[in-house]
Amino acid sequence: MNEPVWLNLDDLSFPAPEHALKEPNGLLAIGGDLSPERLLAAYRLGIFPWYETGQPILWWSPDPRMVLFPEDLHISKSLNKVINKQVFHLSSNQDFSAVIAACSSQSNKNRDGTWITDEMQLAYINLHKAGWAHSIEVWQDDELVGGLYGIAIGEIFFGESMFAIKDNASKVAFVHLVNSLINKGYKLIDCQVSSEHLASLGAREIKREEFMHCLSGLSDLSKSINTSPKDTFSV
């Protein structure tokens, strides 16, 4: 396939991820919608939406893929000191809307637009209300200073975005997320595309083929860690 496929609004199917363009970042399909059903179908195939205001919805499947196997989590000495000082208070699913809004605002700081559009925010808030999307909040003196959000399906957590307005706040959120996922038996955290921030925490790139193999065994809804997607997802 030499160009991305336009999706049919009446059909939730996607082209096979191996047909994604090699550059940039594995563009696979265009269009469709951000309904909960389509989003869940996409994530279970290793596909996610990423676009800016004024663009159609763009769907991606990168190769290589940035992931973290929970046992590979790396906590630096300096970060460990921050955690031990307990300067932050953490919660989960207490203010999902505020977390995604803050992620959107931070991604917009040095750009003309943000990929976390109003449409995207509403779509993930709907997923949160349905019990699939989850947030970790980091507080300091009752102020939201960091956090992250993503989607939990089967035994995989699909990370979406994180933010920090205080040093190390997003890293602390990520460490607590990983420790919680380990306790719950999750096997993989999808980080989508490479970043130095995530690499410093132990994430690494793997080939799409390997990632798809992981998905085939870990994203089965019938093997969900939770008995229901509405179960409390706590740190």
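Please treat every number below as a calculation from the coordinates, not as lab data. Note that this is a predicted model, so its numbers are computed, not measured. As a convention, Cβ positions derive from the backbone with ideal geometry for all residues, glycine included, and neighbour counts pool all protein chains shown.
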About the Cα centre of the stretch 66-223, how large is the charge dipole given +1 on each Lys and Arg Cβ and -1 on each Asp and Glu Cβ? Please answer in debye to the nearest 20. 360
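With 21 Å as the cut-off, how large is the P(r) tail for the chain, expressed as percent of Cα-Cα pairs?
56
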Under 5 Å from the placed amide H of Leu144, counting only residues 5+ away or on other chains, we find none
Taking a crude spin-label model, label points 7 Å out from Cα along the C-beta direction, the Trp6 to Ala98 distance in nm is 4.3
What is the order of Ile165, Ile100, Ile182, Ile153, fewest Cβ neighbours within 10 Å to most? Ile182, Ile165, Ile153, Ile100
Mind listing the phi-derived Karplus ³J(HN,Hα) values for the stretch 182-197, rounded to whole Hz, using 6.51, -1.76 and 1.60 with θ = phi - 60°, and x for any glycine or proline? 4, 5, 8, x, 5, 10, 7, 10, 7, 10, 6, 10, 5, 8, 5, 4
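Could you order peptides 86-92, 154-160 by the average number of other Cβ atoms within 10 Å of their residues, highest first?
Result, highest mean first: 154-160, 86-92.
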Label points 7 Å out from Cα along the Cβ direction at Leu218 and Val87: separation in nm? 3.2
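Under unit Cβ charges (Lys, Arg +1; Asp, Glu -1), what dipole magnitude, rounded to 20 debye, does the stretch 21-110 have relative to its Cα centre? Don't skip to the end; give the middle numbers.
Details: 8 positive and 8 negative charges, 77 e Å.
Taking the Cα centre of the stretch 21-110 as origin, the dipole is about 360 debye.
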Sorted by average packing, counted as other Cβ atoms within 10 angstrom per residue and highest first, what order do 192-201, 54-63 take? 54-63, 192-201
